[in-house]
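As structure tokens, the structure follows; a few thoughts come after it.
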Amino acid sequence: MVQLTDSYDRKMDYLRISVTDRCNFRCQYCMPEDIQFQDKSHILTLEEMLTFAEACLALGVTKVRVTGGEPLVRRGVVWFVEQLKALGFDEVTMTTNGYLLKDNLEGLVEAGLDRINVSLDTLQPEKFQFITRRNHFEKVWEAIMAALQTPLSPVKINAVALRGVNDDEIVDMARLTQKYPLSVRFIELMPLNGDTDGSRFRKLFIPGSEILARAQDALGDLKPVAKDDPAAPADEFKFDGAPGNFGVITPVSEPFCARCSRLRLTADGKIHPCLLTDLDVPVKDAIRSKDPIPAIHEVLWKTARIKPAAGLTLPQETRNRTMSQIGG
């Protein structure tokens, strides 16, 4: 079939599936402590998500990332990874907060997971508890170290940069790449979660250029690492002799919308074509129709046509859906 492309000739070949909006953490930049989760009756079954993935595969989608919320709280998610691999995707990956990772490592490796990303914003247990509202740093760190002993190594670590919160650890996080085969990437804070006047965002935001400069000033020159995928959002670098990479993802200061190849399926059955908008396209009815694949294709092409050229990155244009509801 014809490769799925949008109105700007961008190839849509990367699907992120949010298997749940639920999470066992309450990270301050991601969701409020008192968040109201969707009733489970509104959430797609894993089998329905597989049907959607199969339809995407037929239109040239080659990579799938399993996200949440926290994907490992969803019962059956290891089986889900195995089924995605069986469908024939080139790459199946997962983003997790790491809390349940160690318990599921063996199963994920056996299921064929290609790579794991762990969200970790700090190396200080007290600060970890402040950011996540949970006291689980040691368990997450043990999971990362355990993952390095499996075929999932090298492991990627994603940290959201927050001025006055964890920016004093930029150098410490970068230094990890000199010791371990880790790819540590700082992600710029995005104007999400209904911060309508942008005041919180402006206070906390740190541009990627500043992050790289701080790391280089302390640890020496960073040499660019060539991208395996031209559409990849991270700009990665390497310190001389380091086993790992250090990088930044800059959706606000240096948007990469022109090379965006992503679609997102939310747990409640909507296609989210751009992270930095509130635009959703319902697809649940198509998935549950008598002939779902062509029905999903129709919705996918509609979504591709309305995918915007760029997201909204100014704080006064803040989005209302939380990161956990979208899947990151």
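In sequence order, region 157-172 has phi-based couplings of 10, 10, 10, 7, 7, 10, 4, x, 10, 10, 5, 6, 10, 4, 5, 4 Hz under the Karplus curve 6.51 cos²θ - 1.76 cosθ + 1.60, θ = phi - 60°, and Gly or Pro positions carry x.
Taking amide H as placed 1.01 Å from N in the peptide plane, the amide H of Arg264 sits under 5 Å from that of Arg16, His272, each at least 5 places away or on another chain.
For Leu182, the amide hydrogen comes within under 5 Å of the amide hydrogens of Gly244, Asn245, counting only partners 5 or more places away or on other chains and with H modelled in the peptide plane. You can think of it this way: the chain between Trp141 and Asp285 has 47.7 nm of extra reach, that is 0.36 nm per residue less the Cα-Cα gap.
For the chain, give me the percentage of DSSP beta bridges that are antiparallel, rounded to the nearest 5 percent. If I count the DSSP bridges inside the chain, around 30 percent turn out antiparallel. Residues whose amide H comes within less than 5 Å of that of Thr5, counting only those at least five positions distant or on another chain, are Met12 (H built at 1.01 Å from N in the peptide plane). Of the labelled options (i) 6, 26, 36, 25, 6, 0, 0; (ii) 6, 28, 35, 21, 8, 2, 0; (iii) 6, 25, 30, 23, 13, 4, 0, which one gives P(r) over Cα pairs in 10 Å bins from 0, in percent as computed for this structure? Given (i) 6, 26, 36, 25, 6, 0, 0; (ii) 6, 28, 35, 21, 8, 2, 0; (iii) 6, 25, 30, 23, 13, 4, 0, the structure-derived one carries the label (i). Our coupling estimate for region 131-137, obtained by passing each phi through the Karplus curve with A = 6.51, B = -1.76, C = 1.60 and θ = phi - 60°, is 6, 8, 6, 9, 9, 10, 4 Hz, Gly and Pro reported as x. Computed from backbone phi, the HN-Hα couplings of region 203-211 come to 5, 9, 5, 10, x, x, 4, 5, 4 Hz, rounded to whole numbers (Karplus: 6.51 cos²θ - 1.76 cosθ + 1.60, θ = phi - 60°; Gly and Pro given as x). Other residues whose C-beta falls under 13 angstrom from the C-beta of Gly112 contribute a net charge of -4, scoring Lys and Arg +1 and Asp and Glu -1. Across the protein chains, with a 1.4 Å probe defining accessible surface, the residues Val64, Val171 rank Val171, Val64 from largest area downward.
Annotation for region 96-186: trypsin sites (Lys or Arg not before Pro) lying in DSSP loop with at most 15 further Cβ atoms inside 10 Å of their Cβ are Arg133, Arg163, Lys179. Of the accessible area of the chain, computed with a 1.4 Å probe over protein heavy atoms only, carbon and sulfur atoms account for 51 percent.
The values are calculated or read from the model by the stated rules, or taken from the named source; none is laboratory data. Bear in mind the structure is a predicted one, so any value in this text is a computation, not a measurement. We place every Cβ from the backbone using ideal geometry, glycine too, and count neighbours over all the protein chains shown. These accessible areas exclude ligands, DNA and RNA; they are computed on the full protein's heavy atoms, side chains included. Shrake-Rupley method; radii C 1.70, N 1.55, O 1.52, S 1.80 Å.
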